[in-house]
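These notes are about the structure you will find just below.
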Amino acid sequence: MSFTLSSNMAGLHRVAIALGSNIGDRQSNLAAALHKLRSYVRVERISSVYKTKPVGFTDQPDFLNMTCTGTTDMAPRVLRDALAKIERQIGRRVSIPLGPRAIDLDLLLYDDLVMRDEDCTLPHPGLPSRAFVLVPLAEIAPDLVDPLSGKTMAELAARVDRSGVVRCEGGLLTRIRRDVQESRPVVPLPLNRAGISGVKTLITLAAGSNASQSALATFDVYADLDASKSGVHMSRFSQDLEDALAELTDHAGMAVDDLAVAIAHRVVDSQRAERAEVLVRTEIALDRVTPASARPTKEFYSLLARAVATPHFERRMLGVEAEGMTACPCAQSMMADHARERLSAEGFNDGQITRILGAIPIATHNQRGRGTFMVGADTPVDVPTLVEIVEQSMSSETYDLLKRPDELFIVNKAHQTPRFVEDAVREMLRYAHDVLDGFADDTFVSARQINYESIHKHDAIAESCSTLGELRRELRGEADVRHTTLEEWLYAGQPGPVLTDR
């Protein structure tokens, strides 16, 4: 079972839409219309803005025109009504035909549909002759075919008089004449990482057997910064994320770590950076059965991905975080010694005491624990297997849904398997050595455990990392094996930032 990004494209129709405005703040009208249009259409391409002379009724201001293409699941008439609603919201009022208007939205094409109803005509009747529509549409979709004439938009645009159509340099946004981020900073020092963190967006995770689940994912995206630049372009990080998500919706089976790698490469290109790093965290649900009452339930785990990319290099890691419980071996040993003294004082002999202590659980204090295990490899990693590696490392797994027989099972299991925080990390590595038997020696593994102490005011933490090759040598009994650090593996000898815990 693997968790990947997917998208269902069934039932979507490709559309082309024209936008125009010639009164009020024309650029703002177009931007507002485009923003509202995204509620009904998944906009994929947007043309430049063109200043155009009015057609038909010429005694009015010049227009700003543009086009966009995208997909929708709405029927033609329903989409046409939605466009009319947007026009009203932005301020279009009833006027003379072809007269001045704050906004004008026309549905130009809807797949290759030909419709000649009184209230809905497709393709738009003015499409073959209007330069203010054909020029921007040919810019973004030159190979799009008019189903009536059989000609492409590029061919139609070449046949019309475009003398009254002039491309605006600034587009929808005010032209930035000075790129402050590219200017030299007051203190010209390079930075290891600069970027954004905590960016949340919805993704769809495919969970095998044609099942999927939506999840809220959090992204941290960074790039290195040259000493000659004042700053990174913050808005480009979000755009790179959105572009990667939009691109991957057409590719079923894209894994979360693949998504992280794709974003990192986009950041390298858009920021002109030497290196980019992406961190992803999302929650997943797995089907489980409670241990004693056998009730079906769902348990939630954190799915983690980390990627680093340069123009010619990439590394990726996939991992999970899972909760469980540990029983303290030290306190249990002291309780056993205390019980032995008490039983001896009551007249029991050594043989009887040993039988008694072997038959009943020995009390100790417990901690809720959180284990994290990550694997760095090009080979796909099974997420439920990663969860199993973490859960088996603690004294017992835990569940949200528990009946009394389940509570008894878990408490007894935990006290039969007492473990320190250090034990949990070692168990993760030992079990990973077994279940990742087919992975290459240069595969990287990282284990971390935190126990939230119940009788202390502090928490206990342990962690370790190495390549599988190093781990295999140690478990064969070889001494003094040096461990590759996370930074060494992730950056493969390239200069990298100091890594911090998220």
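Of these, LEU408, LEU386, LEU357, which one is surrounded by fewer than 17 Cβ atoms within 10 Å (Cβ to Cβ), of a type outside the set (Asp, Glu) and under 28 Å from VAL320 (Cα atoms)? Show your work before the answer.
Numbers: LEU386 fails: surrounded by fewer than 17 Cβ atoms within 10 Å (Cβ to Cβ); LEU357 fails: under 28 Å from VAL320 (Cα atoms).
When all the criteria are applied, what remains is LEU408.
Going by what's in this entry, would GLU463 be described as closer than 28 Å to HIS365 by Cα and modelled with pLDDT of 95 or more?
Numbers: closer than 28 Å to HIS365 by Cα: yes; modelled with pLDDT of 95 or more: yes.
So GLU463 passes the test.
Quick grid of which residues meet (1) under 33 Å from the mean Cα position of the chain (by Cα); (2) modelled with pLDDT of 95 or more; (3) closer than 23 Å to CYS328 by Cα; (4) of a type outside the set (A, V, I, L, M):
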| residue | (1), (2), (3), (4) |
| --- | --- |
| GLU407 | no, no, yes, yes |
| VAL411 | no, no, yes, no |
| VAL445 | yes, yes, no, no |
| ILE455 | no, no, yes, no |
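GLU323 versus (1) in contact with a Lys or Arg (Cβ under 7 Å, 6 or more places away or on another chain); (2) outside any strand (DSSP E or B); (3) charged (D, E, K, R): which is the lone unmet condition?
(2)
Which condition number does ALA327 fail, the rest of (1) assigned by TED's automatic domain parsing to the domain that holds ASP437; (2) among the aliphatic types (A, V, I, L, M); (3) buried (at least 20 other Cβ atoms within 10 Å of the Cβ); (4) closer than 30 Å to TRP489 by Cα being met?
(4)
Could you give every pair whose Cβ atoms fall below 8 Å, whose first residue belongs to the range 407-424 and is in the same structural domain as MET394 (by TED's automatic domain parsing) and more than 13 Å from THR290 (Cβ to Cβ), and whose second residue is among the acidic types (Asp, Glu) and buried (at least 18 other Cβ atoms within 10 Å of the Cβ), counting only separations of at least 6 or pairs across chains?
Filtered contacts from the range 407-424: ARG419/GLU427.
Could you check ALA294 against (1) in contact with a Ser or Thr (Cβ under 8 Å, 6 or more places away or on another chain); (2) on the phi > 0 side of the Ramachandran plot; (3) not charged (D, E, K, R) and say which number it fails?
ALA294 satisfies all of (1) in contact with a Ser or Thr (Cβ under 8 Å, 6 or more places away or on another chain); (2) on the phi > 0 side of the Ramachandran plot; (3) not charged (D, E, K, R) except (1).
Tell me the residue from ALA462, ALA432, ALA447 that is free of Cβ contacts under 8 Å to residues at least 60 places away in the same chain, under 23 Å from ALA285 (Cα atoms) and buried (at least 16 other Cβ atoms within 10 Å of the Cβ), please. Don't jump to the end; show me each part of the working.
On the way: ALA462 fails: under 23 Å from ALA285 (Cα atoms); ALA447 fails: free of Cβ contacts under 8 Å to residues at least 60 places away in the same chain.
Result: ALA432 is the single residue among ALA462, ALA432, ALA447 that is free of Cβ contacts under 8 Å to residues at least 60 places away in the same chain, under 23 Å from ALA285 (Cα atoms) and buried (at least 16 other Cβ atoms within 10 Å of the Cβ).
With the requirement that a residue be surrounded by 15 or more Cβ atoms within 10 Å (Cβ to Cβ) and among the hydroxyl-bearing types (Ser, Thr, Tyr), what does the range 113-152 give you?
Matches in the range 113-152: THR121, THR152.
Filter the range 1-25 down to residues that are at pLDDT 50 or above and crowded, with 22+ Cβ neighbours inside 10 Å and give me whichever is nearest to GLY319 (Cα to Cα).
VAL15
Step by step: first the residues of the range 10-59, then only those that are assigned to a loop (DSSP other than H, G, I, E, B) and among the aromatic types (Phe, Trp, Tyr), then the one that is farthest from VAL133 (Cα to Cα). Which residue is that?
Looking at residues that are assigned to a loop (DSSP other than H, G, I, E, B) and among the aromatic types (Phe, Trp, Tyr), I get TYR40.
Does the range 363-383 hold any residues that are surrounded by fewer than 19 Cβ atoms within 10 Å (Cβ to Cβ) and more than 28 Å from the chain's Cα centre (by Cα), and which are they?
Answer for the range 363-383, where residues must be surrounded by fewer than 19 Cβ atoms within 10 Å (Cβ to Cβ) and more than 28 Å from the chain's Cα centre (by Cα): ALA363, HIS365, ARG368.
The values are calculated or read from the model by the stated rules, or taken from the named source; none is laboratory data. Here the structure is a predicted model, which is why all the values come from computation and not from measurement. When we count neighbours, we look across all protein chains shown, and the Cβ atoms used for this are built from the backbone with ideal geometry, even at glycine.
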